[in-house]
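Q: Mind looking over this structure? Questions follow.
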Amino acid sequence: MTNYFIDRRKNAKNKSAVNRQRFLRRHRAQIKEAVAERLRKRGITDIEGGEKIGISGKDLTEPVFQHGSGGRNTHVLPGNKEFVRGDQLPRPEGGGGQGAGEGKASNQGEGMDEFVFEISQQEFLDFLFEDMALPNLTKRQLAGNEEFKRVRAGFANQGTPNNIDVLRSMRGASARRLAMTMGKRRQLRQAEAELKTLLTTQDDSFKDRIAELEEKIAGLKRRIDAVPFLDDIDIRYRRHRKEPVPVSKAVMFCLMDVSGSMDQKTKDLAKRFFILLYLFLSRNYDKTEVVFIRHHTTAKEVDEEEFFYSRETGGTVVSSALDLMKTIVEARYPVNEWNIYGAQASDGDNWPEDCGRCIDVLSNDILPLVQYYSYVEISSRGPKPLWESYQQVLQSNPQAFAMQHITGPEDIYPVFRELFGKPLEVA
């Protein structure tokens, strides 16, 4: 007998999603190269959107099976005036294709344009942040008390009908019936066995005993049937309780020098780095907060608009921003509840007498509190006083501190990958 199974389920809305993911996996190398190229041309503020990716047509060819050269083949060709039966036809030379390439233009052959398709914002970020990781990401994955989920918590004798557990209720009813009728069933089996024995003897002297047994058997069956199939005490209800959902939280401190030496172009480069870091943190934590601290000789916590576009300027005392960051952390972000990251952007200028205090505050007060602290110096000139001071911090805290140099927009993404690239695994 042959059974046929017909799948009549309707296709889901994303029925081509599997094919799309297979296509992205197959051309991952070309797409990563195209994403890196596109990132150099687009503004970082446009990163929330997707991107059109072009793949060369030659990379889309698929392997096919075909007859190889050689062998003996039989062809039926139409007749003509040039050849007759028995003529030897020369074999066509291989590798004679004509198409695109370097050299002079040809009036023959045909090519294929590159295949262009659009990837979503999520896919773009996946390729953008691939091979990157946050240092100490798993150091603090915390259980929050803001979101809850319902979880199973055993069974109860009371509840609403929609929470009735049918299987457990029937199992309890069956056990109750067996317990309540066990003695009667034993007596019934003994009476039926004795009656069977007496009936096989065919002796009239047992007529009274047979009648007595038949009456006893009928009574036992009535008493067994009188036990209810399902009672109220058999019904079990599923219990649920609210359980807090683990939530990982991160706070990102953005520190920027807004002294007179920091022009708007430098601030725009810092903004691109900060936005890239914020997107990266948002992908790794459920909740991400940002604290903006701008400083010249004094530091102040501001909003994003004032952080990037305020015209307030002055000298440069970097330790004022570090002191304010420490104060905010101690007041609002307990280190046992928050993953704390710091990102500082500056042109490298600092009041010379303040460099020693920066090293002391950063090494002893800030780095013990944070998961990771990165410093980018945006300058086209050589190392500045702050860079040379932070070199000492880097030597003593290589796991929690990193610093890179940015000269233009094209350096932002490579520097970001340098700061957050996954460490190589040791075999």
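The values are calculated or read from the model by the stated rules, or taken from the named source; none is laboratory data. Just so we're clear, the structure is a prediction, and the values are computed from it rather than from any experiment. Cβ coordinates were reconstructed from backbone atoms using ideal geometry, including for glycine residues, and neighbour counts include every protein chain displayed. With ligands, DNA and RNA removed, areas are computed over all heavy atoms of the protein, side chains included. Shrake-Rupley method; radii C 1.70, N 1.55, O 1.52, S 1.80 Å.
Q: Taking a 1.4 Å probe, which of 225, 165 shows the most accessible area, and what order do the others take after it?
A: These residues rank, largest area first, as 225, 165.
Q: Taking the Cα of residue 150, stepping 7 Å toward and past its beta carbon, and measuring to each backbone N in region 227-271: which are under 15 Å?
A: Answer for this model: 237-244.
Q: Under 23 Å between alpha carbons: how many lysine pairs meet that in region 210-289, if sequence neighbours fewer than 8 apart on the same chain are excluded?
A: Lysine pairs meeting both conditions in region 210-289 amount to 4.
Q: A further question on this structure: Using a 7 Å offset from the Cα along the Cα-to-Cβ direction at both residue 289 and residue 126, what is the distance between the two label points in nm, to one decimal?
A: Label at residue 289, label at residue 126, 3.2 nm between them.
Q: Order 16, 380, 282, 310 by their accessible area, 1.4 angstrom probe, all chains in place, largest first.
A: 380, 16, 282, 310
Q: With +1 on each Lys and Arg Cβ and -1 on each Asp and Glu Cβ, and nothing else charged, work out how big the dipole of region 224-383 is about its Cα centre, in Debye to the nearest 20.
A: Around 300 debye, computed over region 224-383.
Q: Could I ask something else about it? Tell me, what is the FRET efficiency for residue 242 and residue 178 to the nearest 0.05, using R0 = 45 angstrom and their Cβ-Cβ distance as r?
A: 0.75
Q: With a cut-off of at most 15 other beta carbons within 10 Å, and DSSP calling the residue loop, which trypsin sites (Lys or Arg not before Pro) in region 322-418 qualify? Please list them.
A: Those satisfying the criteria are 381.
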